[in-house]
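Accompanying notes for the structure given below.
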Amino acid sequence: VEQCGRAKIIQRGRDLVCTIEKPATAGYTYGSGNVITNSERLKILRSSEKSDGIEIRYRDKDKNFAYETVFAKGEGFDTLTRVPNVAKLNVKGVNNRDQALREATFRQQLSDTIKRQVQFNVGISGLASLVGDVVYYQQGGEILSYGGRLAEDVSGTTVVLDKELNLSSSDYTGCKLLVIISDTDVIEERTITGTFNTLTSSFTINSSLVA
């Protein structure tokens, strides 16, 4: 199941459960406010470290379970000027060409689209997420972004942060988004409408919020 079913068997307490990979919306957010200081590890995946193609070897039920192979090309494979990196895999559980090709294509698409990997440690806030959940992650130190905590509770259209910021109206035009965890652990998104071009910790948002 873990090899070809896009799922993973994990233990939750005394039970074993199957977590299935599938499209989902983000259910929580992590950043400077809840990530343990200096625990972040960010890795940029270079193209030379990733596969240019995936070759899968499997036993085909339509050919008396003889070994067969399928190949999925990555982006830019036909224009490479170097020897391509081809990952060769034996995948158990695959028994027909269509399934093998879908598996190879899926794995190669992961290689093409995943650009960065990040690891970090959290405290009790980690209980809000389970293995396989989709989450937002706010990297610290970005020039045009900031992650932190609320300095006080929010009930209305004014948000007070734990740090003063000087948001430039020119740099942040069209991308002044506040992502926050509400008092019911729900991700809320609001547009920041002010104050700009002033060092302040107090900002207004476009609609009321309780957090």
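The values are calculated or read from the model by the stated rules, or taken from the named source; none is laboratory data. The model shown is predicted, which means the values in this text are computed figures rather than measured ones. Note: ideal-geometry Cβ built from the backbone for every residue, glycine included; neighbour counts use all protein chains shown. To get the accessible areas, we keep the full protein, side chains included, count just its heavy atoms, and leave off ligands, DNA and RNA. Shrake-Rupley method; radii C 1.70, N 1.55, O 1.52, S 1.80 Å.
Measure nothing but the geometry: give the 0 to 90° angle between the long axis through the Cα atoms of 97-113 and the longest principal axis through the Cα atoms of the chain, rounded to 10°.
So the helix axis and the longest Cα principal axis differ by about 40 degrees.
Filter the cross-link list K50/K92; K63/K88; K43/K92; K63/K92; K22/K92 down to pairs whose alpha-carbon distance in this structure exceeds 25 Å.
K43/K92
Starting from the 7 Å offset along Cα-to-Cβ, what nm value, one decimal, do you get for the label separation of V91 and V186?
Going from the V91 label point to the V186 one covers 3.9 nm.
Express as a percent, rounded to the nearest 5, the fraction of DSSP beta bridges in the chain (both residues included) that run antiparallel.
Expressed as a percentage, antiparallel bridges in the chain total about 85.
Please give the length that would be gained between R6 and R59 if that part of the chain were fully extended, namely 0.36 nm times their separation in residues minus their C-alpha to C-alpha distance (nm, one decimal).
So the chain would gain 17.2 nm between R6 and R59.
Set the Förster radius R0 to 25 Å, insert the Cβ-Cβ distance between T25 and Y137 as r into 1/(1 + (r/R0)^6), and round the FRET efficiency to 0.05.
0.95
Be a star and scan region 70-113 for residues whose amide nitrogen sits under 18 Å from the point 7 Å along the Cα-to-Cβ vector of I44.
Of the residues in region 70-113, 112-113 have backbone N under 18 Å from the label point off I44.
Around Y67, under 15 Å between beta carbons, what's the net of Lys plus Arg minus Asp minus Glu among the other residues?
After counting each charged neighbour, the total is +3.
Taking the Cα-to-Cβ direction at A211 and at D153 and moving 7 Å from each Cα, how far apart do the two end points lie in nm?
1.6
Would you give the gap between the C-alpha center of region 1-66 and the C-alpha center of region 71-124, rounded to a whole Å?
Each part's Cα centre sits 11 Å from the other's.
Leaving out ligands, DNA and RNA, what percent of the accessible area of the chain is carbon and sulfur, probe 1.4 Å?
Here carbon and sulfur together make up 49 percent of the probe-accessible area.
Give me, ordered by chain and number, the residues 5 or more places off Y28 or on other chains with an amide H under 5 Å from its own placed amide H.
Y136
Any idea what diffusion coefficient the chain gets from Stokes-Einstein, in µm²/s, Kirkwood Rh on alpha carbon pairs, 25 °C, 0.890 mPa s?
Diffusion coefficient, whole number: 117 µm²/s.
For region 24-103, report the accessible area per residue in Å² (1.4 Å probe, heavy atoms, rounded to an integer).
Per-residue value: 66 Å².
Could you rank K63, K92, K50 by how accessible they are, 1.4 Å probe, largest area first?
Sorted by accessible area, descending: K92, K63, K50.
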